[in-house]
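Working notes, beginning with the structure itself.
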Amino acid sequence: MSGDQANPPNCSEVLDHLYEYLDHEMPDGDSVKMQEHIDECSPCLEKYGLEQAVKKLVKRCCGQDDVPSDLRAKVLERIDTIRDEARAAAEAGPEAREAPRADR
């Protein structure tokens, strides 16, 4: 997350990272920023509560199934790949994302 004391995270950023927060998969500093935002923002608090309830329901209904360890590893690897690609694209800037045009 990019928010700091001077620029706290906005609602869009909070909602983009909501599952990381719910799953306790974000760094402590970002987690604190998320909690502060959710505590102060009624729409985000409502969305957080809804997503938390859905997660609990899914766990209760489907939590007994064991996930194969190789599937978990593949999913986590794919997530890392997508994040790395997104980070590289963001660092490259908009000109790198534009496809070259063929001369007519």
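Rounded to the nearest 0.05, the FRET efficiency derived from the C-beta distance between Lys56 and Arg78 at R0 = 30 Å is 0.70.
Shape class of the range 26-88 from the Cα gyration tensor (axes a ≥ b ≥ c, square roots of the eigenvalues): oblate, since a/c reaches 1.5 or more and a/b does not exceed b/c.
For the range 1-91, the solvent-accessible area with a 1.4 angstrom probe is 77 square angstrom per residue. Extending 7 Å from Cα along the Cβ direction at Ala90 and again at Gln64 yields two label points whose distance is 4.1 nm. In order along the range 11-23, the phi-based Karplus estimate (6.51 cos²θ - 1.76 cosθ + 1.60, θ = phi - 60°) of 3J(HN,Hα) comes to 4, 4, 5, 4, 5, 5, 10, 4, 5, 4, 5, 4, 8 Hz; Gly and Pro are listed as x.
The values are calculated or read from the model by the stated rules, or taken from the named source; none is laboratory data. The model shown is predicted, which means the values in this text are computed figures rather than measured ones. Virtual Cβ from ideal backbone geometry, glycine too; neighbours counted across all protein chains shown. Accessible surface is based on the protein model in full, side chains and every heavy atom, while ligands, DNA and RNA are left aside. Shrake-Rupley method; radii C 1.70, N 1.55, O 1.52, S 1.80 Å.
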